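Note sheet for the following structure.
We did not get these values from a lab; they are worked out from the coordinates using the rules stated. Given the structure is predicted, the values throughout are model-derived calculations rather than measurements. Here the Cβ positions follow ideal geometry from the backbone for every residue, glycine too, while neighbour counts run over all protein chains shown.
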Amino acid sequence: LFNDAPMKLRGWSEKECETSRKNGIGGIKNTELFFKKLESFLNISKKDLDSYCINEILFNEHTIIMPIKSPSGSIISFQGRNMSINKTDKDARFYILSKEIKTVSDTGEIIKRENPITKNVHLLPGIHKAIENRYQRLDLVEGMGSLICLNNNNHYNVISVMSATFNIEIFQYLQSLGFTHINLVMDTDEAGLKKIHDLIMNKKLPHDLY
């Protein structure tokens, strides 16, 4: 069911695609077949899958899909980048199976509810690998692309914070796991620099971690 097409659109080499596949990262070759197999494997209906936002918005032929794991290695969520959507439409291009599910009622009202799949967890892609070397420097990057690129080059002391609420609670959580040195490696665009400035100037970082 793997599909390398969206990864190649991202400019990844054959070797990078192969390494990513080994880590469970890639695209879906046939969306309809994927959901039929998923329904059969989980013994669950398509309607039930939709109720958890497990649907074609994330799982489709155009999206690079990456599992988000807990520190113990269990899959707790997914994030994706749709390569068929224009770069200017960032909200539609990036998708995360998040802690909040939004549905629209028959009257058009937006209903928000907690996603039971991601309840009480921190969505930090890469944490399951980084925790193995928690006493070494930890690099925090923004997007999944940076994380995958570094992992493909055998650098695993790295976590993506794109899917996290970037606040002091995240750093306190990392500290509780045993991380003692955190290095901010944000993008050098306006958003990335603003994020670093906000974290440091507004004292959202524990002073003994960076």
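Table for the structure above
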{"quantity": "Derived scalar couplings ³J(HN,Hα) [the range 60-77; Karplus, 6.51 cos²θ - 1.76 cosθ + 1.60; whole Hz; x for Gly, Pro]", "calculated": "8, 6, 9, 10, 7, 10, 10, x, 9, 10, 7, x, 7, x, 7, 6, 10, 5"}
{"quantity": "Packing-based ranking, highest mean first, of 41-50, 60-69 given that Cβ atoms within 10 Å are counted", "calculated": "60-69, 41-50"}
{"quantity": "Environment charge of Leu33, counting only residues whose C-beta is closer than 14 Å and scoring Lys/Arg +1, Asp/Glu -1", "calculated": "0"}
{"quantity": "Local net charge near Trp12, Cβ-Cβ under 15 Å (Lys/Arg +1, Asp/Glu -1)", "calculated": "+2"}
{"quantity": "Amide H contacts under 5 Å for Ile76, placed H, 5+ residues apart", "calculated": "Ile68, Lys69, Ser70"}
{"quantity": "Residues whose placed amide H lies under 5 Å from that of Asn183, excluding near-sequence neighbours", "calculated": "Leu138, Asp139, Leu140"}
{"quantity": "Across Lys29/Lys129; Lys22/Lys194; Lys15/Lys194, pairs whose alpha-carbon gap is larger than 32 Å", "calculated": "Lys22/Lys194; Lys15/Lys194"}
{"quantity": "Extent along principal axes [Cα atoms of the range 1-67; Å; largest to smallest]", "calculated": "37, 19, 18"}
